[in-house]
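Take a look at the structure below.
The values are calculated or read from the model by the stated rules, or taken from the named source; none is laboratory data. Note that the structure is predicted; figures quoted are calculated from it, not measured. Quick reminder, even Gly has a Cβ in these numbers, built from the backbone with ideal geometry, and neighbours come from all protein chains shown.
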Amino acid sequence: LELSPREFALLELLMLNVGLVLSRARIAEGAWDATYEARSNTIDVIVARLRRKLEEGSGERWIHAEPGIGYVLR
């Protein structure tokens with residue numbers, strides 16, 4: 001897969017925490033730098049792009065959203 005640095009950082013963080021729901025704050029802390037603005041939808045956009053790349057052609061869902069909490073890799 002060709003991943004952007006952000007996508008790779010997010011995937012690495014999720015893989016290090018498989019099965020654990022990570023809040024957007026935890027994702028920002030672990031995969032972003034100090035310039036991340038918490039009110040932006042940047043994390044959601046990167047998750048959507050990463051999902052597309054990981055799940056293309058497989059028909060399986062790898063990254064799950066936990067409404068009001070964050071994301072989890074299963």
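The residue that is modelled with the lowest pLDDT, among those in segment 14-35 that are surrounded by 17 or more Cβ atoms within 10 Å (Cβ to Cβ) and more than 16 Å from Ile69 (Cα to Cα), is Trp32. In segment 44-59 there is at least one residue matching the filter, namely being at negative phi and modelled with pLDDT under 85.
One line per residue, one yes/no per condition, for (1) outside any helix (DSSP H, G or I); (2) over 12 Å from the mean Cα position of the chain (by Cα):
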residue: Leu1; (1), (2): yes, yes
residue: Leu10; (1), (2): no, no
residue: Ile43; (1), (2): no, no
residue: Val47; (1), (2): no, no
residue: Leu50; (1), (2): no, no
residue: Tyr71; (1), (2): yes, no
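Taken together, the residues in segment 12-36 that are touching a strand residue (DSSP E or B) at 6+ places or on another chain (Cβ under 9 Å) and in a loop (DSSP other than H, G, I, E, B) amount to 5.
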